[in-house]
Every structure is written in structure tokens, then in C-alpha cells.
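Here the structure is laid out as C-alpha cells; the discussion comes afterwards.
The values are calculated or read from the model by the stated rules, or taken from the named source; none is laboratory data. On a predicted model such as this, the values are computed, not experimentally measured, just so you know. When we count neighbours, we look across all protein chains shown, and the Cβ atoms used for this are built from the backbone with ideal geometry, even at glycine. Just so you know, the surface numbers come from the protein's heavy atoms only, side chains and all, with ligands and any DNA or RNA stripped out. Shrake-Rupley method; radii C 1.70, N 1.55, O 1.52, S 1.80 Å.
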Amino acid sequence: MTAPAWTDDEIVAEIREIARADRLPPPAPAEAADAFEALTGFPMAPLLRRIYCEAANGGFGPGGGGGPGYRRVESGVVSLTASKRRFSNESSLLHLYREWTSQPSAEQQYYPRHVLPLVTLGGVIWWCIDLSSPQGSMWGADENACDHHWLAPQNLTLAQWLTDWLRGDPALPVIPPVPGCPTC
């Protein structure tokens, strides 16, 4: 069972400290968040917007960006706007959103427009956020899973996900097989 999440203020303050210590990119301008929301047609979860605009333009979260269990790799949550450092090997959230919501191809699976990839855990496993939920419900994606069931909602909000990471207990997404599916 997940322990109660920290408050948004506590999470933002802790990530701000990690950003200073690890020299993560400075916060993104509010106009960049506005442009992202205009492009997607969805408001950014308030906590995610605050982190991007008040703490760091990417690099925080499981897989990078400091915190207990931090490994020095170029990972962590993708930057909202392009920065000198790339996280999860992506130039920006805007670019990633455009790429992953485009028409599917043989090499790429289709993401629903309301699900936004945030950070990769090894290239084919992603943590994603549901833009249609104000609390930022988290989703997991595993591109090696069944073609029809590779994306699954997780029982975590953005605040819970970040709290677990900050406490040193980052979770991995779980993509359960679907009973009756011939390819799961």
C-alpha cells in the first residue's frame, strides 16, 4: 500500500532543492506551459505545471534528477522545452507529444491524446500521465507487451508517484496481461 502523498508544496520544494544540487535546467517559463496546453487541448496537472515552472525544466523523477536512489544517467522527466540537457533521450515534451500522438507506423504504437509520456525506464518502458485527470493519474507503457494492451492505468497519482520516488521507493509500471487476449 502506498503511503500518503506529500503536499504539492512539499513536493515542489524538495524537487527545487534537488534541481539546485544537481544543476537541473532552470524552470520553464509559464508561457511554455500555456503553449503546451494549447497544443494538446488539455490543461497540465497543476502539480506538474508547478514543478516545470517553479522548480526544474525536466530531469526530476525516477531514473534521474536526484533523490534517494538517484543514478547519474541522462534520464528523468522530459524537459517541457528544449534545454542543453536531454532527459529520457528526448528534446522536449512538446516534441515527444507531437511524435507519439501522430499517426501510427510499423515502428511506433499509438498513444491516446490524453496520455502523455513523461519518463522512460530503459527505452521501451515509460511512465505516462493522464492529462484528462486534474490529479495527474499515472499510466504505464511497455512497448514489448501485447499490441492491444501495452498501455495501462496505474493506481497512482502524480503526487503519489513523486512522493514514492522522493522517499526512495520508486515504483515500476505494471502492465497486466488481459484474460482472454490471445497475444497477452
Checking Trp100, Trp127, Trp139 against a Gaussian network model of the chain (alpha-carbon springs below 10 Å), the top fluctuating residue turns out to be Trp100
Per GNM of the chain with C-alpha springs under 10 angstrom, the most fluctuating residue out of Leu39, Leu118, Leu24 is Leu39
For the chain, longest principal axis from Cα atoms; helix 30-40 axis from its Cα atoms; angle between them, nearest 10 degrees, is 10 degrees
Subtracting the Cα-Cα distance of Val174 and Arg85 from 0.36 nm times their residue separation yields 29.2 nm
Dividing the mean separation of Cα pairs under 8 Å (6+ apart) by the residue count of the chain yields a relative contact order in percent of 19 percent
On the accessible surface of the stretch 125-184, probed at 1.4 Å with all protein chains in place, carbon and sulfur together account for a percent value of 55 percent
For the chain, the per residue accessible area (1.4 Å probe, Å²) is 49 Å²
Out of Ala13, Ala55, Ala38, a Gaussian network model of the chain with alpha-carbon springs under 10 Å gives the largest mean-square fluctuation to Ala38
Between Thr183 and Ala152, the two model label points (7 Å from Cα along the beta-carbon direction) sit apart by a distance in nm of 1.6 nm
